[in-house]
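J.: Mind having a look at this structure? Questions to follow.
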Amino acid sequence: MAEPPDRILLGMLTPSSNTVLEPMTTAMLENLDEVTAHFSRFEVTEITLSDRGLAQFDHDRFLEAANLLADAKCHVIAWNGTSAGWLGFDNDEELCACITEATGAPSTTSILANNDLFRRHGVSTFGLVTPYTDDVQALIIENYHKSGFHCVAERHLGISDNFSFSEITEDQVTDMCRAVAAEGAKAISIICTNMRGAILSEHLEAELGVVIYD
């Protein structure tokens, strides 16, 4: 049996205008001395269903950034973004296959990890919290419904500028989570890696008696 590596190098594919996920990920790894996160950016500036907005997530753009992470010999490469929420979960499955074929590294994504946790924990209904616009929010809810996960309460802020997500306050995120919990959600998914949710999860779980996925 092979010995585990002395270091575990996590590669993170990062939207160019995201300023939350890097410090948040680094903070989460603070007590794991052998684990480090390494980031590679590609252009993402808006979350819309326009041709320009959708073209940002062409797989070739991911692969260019992923190949740079492969130069750092990352043990796994993750898309730290949520585009499959509106593009469809199969899009992330295909992306992961492309990344692994190109780099040799196993791959995952934020959305696939969220969905895996839903299945492991037996979640069938959930509350959805995002910063997105009406049409993007509707597609996320539809895609989850098709996969057997039913949104029973939701809140969103109607924002499309990706950088602006990072300026949403912790109080705003807290208020949205409280609102969906008040409508009966026992599990809440905060879907956006450029919005401060993870830092609030422990407090909100204790206050609301729910499980927070971010």
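J.: What number, in percent, do you get for the relative contact order of the chain if the mean sequence gap of Cα pairs under 8 Å and at least 6 apart is divided by its residue count?
T.: After rounding, I find 20 percent.
J.: While we're on this one: Using a basic spin-label model with each label point 7 Å from the Cα along Cα→Cβ, how many nm lie between VAL35 and LYS186?
T.: Each label point is offset 7 Å from its Cα along the Cβ direction, giving 2.8 nm.
J.: Cβ under 15 Å from LEU200's Cβ, LEU200 left aside: what net charge do those residues give with Lys, Arg +1 and Asp, Glu -1?
T.: Working: positive: ARG155, ARG178, ARG196; negative: GLU170, ASP171, ASP175, GLU202, GLU205, GLU207, ASP214.
Net charge in that neighbourhood comes out at -4.
J.: Next question, about the same structure. Give the long-range amide H neighbours of ILE8: residues separated by 5 or more places, or on another chain, with amide H under 5 Å away, using H modelled in the peptide plane at 1.01 Å from N.
T.: Amide H neighbours of ILE8: VAL35, THR36.
Only the coordinates and a few stated rules stand behind these numbers; no lab work does. As the structure is a computational prediction, the values presented were derived from the model and not from experiment. Positions of Cβ are backbone-derived with ideal geometry, glycine not excepted, and every protein chain shown enters the neighbour counts.
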